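Reviewing the structure listed below.
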Amino acid sequence: MGIFSRKNNATATTTAPAPVNPDLAALTGEYTIDPSHTTLGFVARHAMVTNVKGSFQEFTGTLHLDGSDPSRSTAVLDVEMASIDTGSADRDGHLKSADFFKTEEFPKMTFRSTKVEALGGDDYRLTGDLTILGTTKPLTIDLEFNGAAKDPFGNERVGFEGKAEILRSDWGLTWNAALETGGVLVSDKIKLNFDISAIKQA
């Protein structure tokens, strides 16, 4: 069951909105992203032959979910860039440097949603403004709603999985090194992946 109202295939040719499922009303509200059960990950191609995976370990975020009208839902995320982790201290240090994220000058990456669309079933599309190095560009994330549950501690949780692709050069991340065999050391295209768990606020 999706968090927002699903489209009724039988009435897809009409302009009347699908009836709101009353079971979804309880999910409407304010949520805080739980960092200990959330992953903000990325994948970059390295030396044209393999993938390097990484994630950010420190971030805060909130969701406003509207169970009857997904277009009124919103998302806010602030990421500490110095918390980047690729499993290599040397590589992480390079990513924090002036060649890449300049974390001393630009300590945060931010995302502010501007649009939410229901695509049918459990699939949604989230569009917003992503700011890196002081540059703001649009980002579209395809999301799948994984469900809602109450955990053993009484927290009401919702879960989403998301994915997107960006060109890092769009945000001024242009450092690279040429390979003797052709190509470059670091891909321009970066794959983003998200596993999000959020707790409803009382």
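The values are calculated or read from the model by the stated rules, or taken from the named source; none is laboratory data. These numbers were taken from a predicted model, which means no experiment stands behind them. For neighbour counting, all protein chains shown are included, and Cβ atoms are generated from backbone atoms with ideal geometry for every residue, glycine included. With ligands, DNA and RNA removed, areas are computed over all heavy atoms of the protein, side chains included. Shrake-Rupley method; radii C 1.70, N 1.55, O 1.52, S 1.80 Å.
Structural remarks
- Residue count, the stretch 70-86 (criterion: open to solvent by 50 Å² or more (accessible area, probe 1.4 Å) and over 15 Å from the mean Cα position of the chain (by Cα)): 4
- Flag for THR38 being loosely packed, with under 14 Cβ neighbours inside 10 Å, under 13 Å from the mean Cα position of the chain (by Cα), within 30 Å of ALA202 (Cα to Cα) and not charged (D, E, K, R): no
- Which listed residue, of GLY61, GLY67, is closer than 15 Å to TYR31 by Cβ, assigned to a loop (DSSP other than H, G, I, E, B) and in contact (Cβ under 8 Å) with a residue 24 or more places away in the chain: GLY67
- Condition check for ASP66 on (1) open to solvent by less than 30 Å² (accessible area, probe 1.4 Å); (2) over 24 Å from THR135 (Cα atoms); (3) under 16 Å from the mean Cα position of the chain (by Cα); (4) not hydrophobic (A, V, I, L, M, F, W, C): one failure, at (3).
- With respect to the conditions (1) in contact with a helix residue (DSSP H, G or I) (Cβ under 9 Å, 6 or more places away or on another chain); (2) crowded, with 17+ Cβ neighbours inside 10 Å, LYS189 falls short on a single one, namely (2).
- Consider the stretch 136-179 and keep the residues that are closer than 19 Å to ILE33 by Cβ and aromatic (Phe, Trp, Tyr). The one that is surrounded by the fewest Cβ atoms within 10 Å (Cβ to Cβ) is PHE153.
- Within the stretch 35-53, being polar (S, T, N, Q) and in a loop (DSSP other than H, G, I, E, B) holds for one residue alone: THR38.
- Of all residues in the stretch 24-48, those that are touching a residue at least 24 places away in the same chain (Cβ under 8 Å) have Cβ atoms under 9 Å from Cβ atoms of residues that are part of a helix (DSSP H, G or I) and of a type outside the set (Gly, Ala, Ser), 6 or more apart or on another chain, in ALA44/ARG168.
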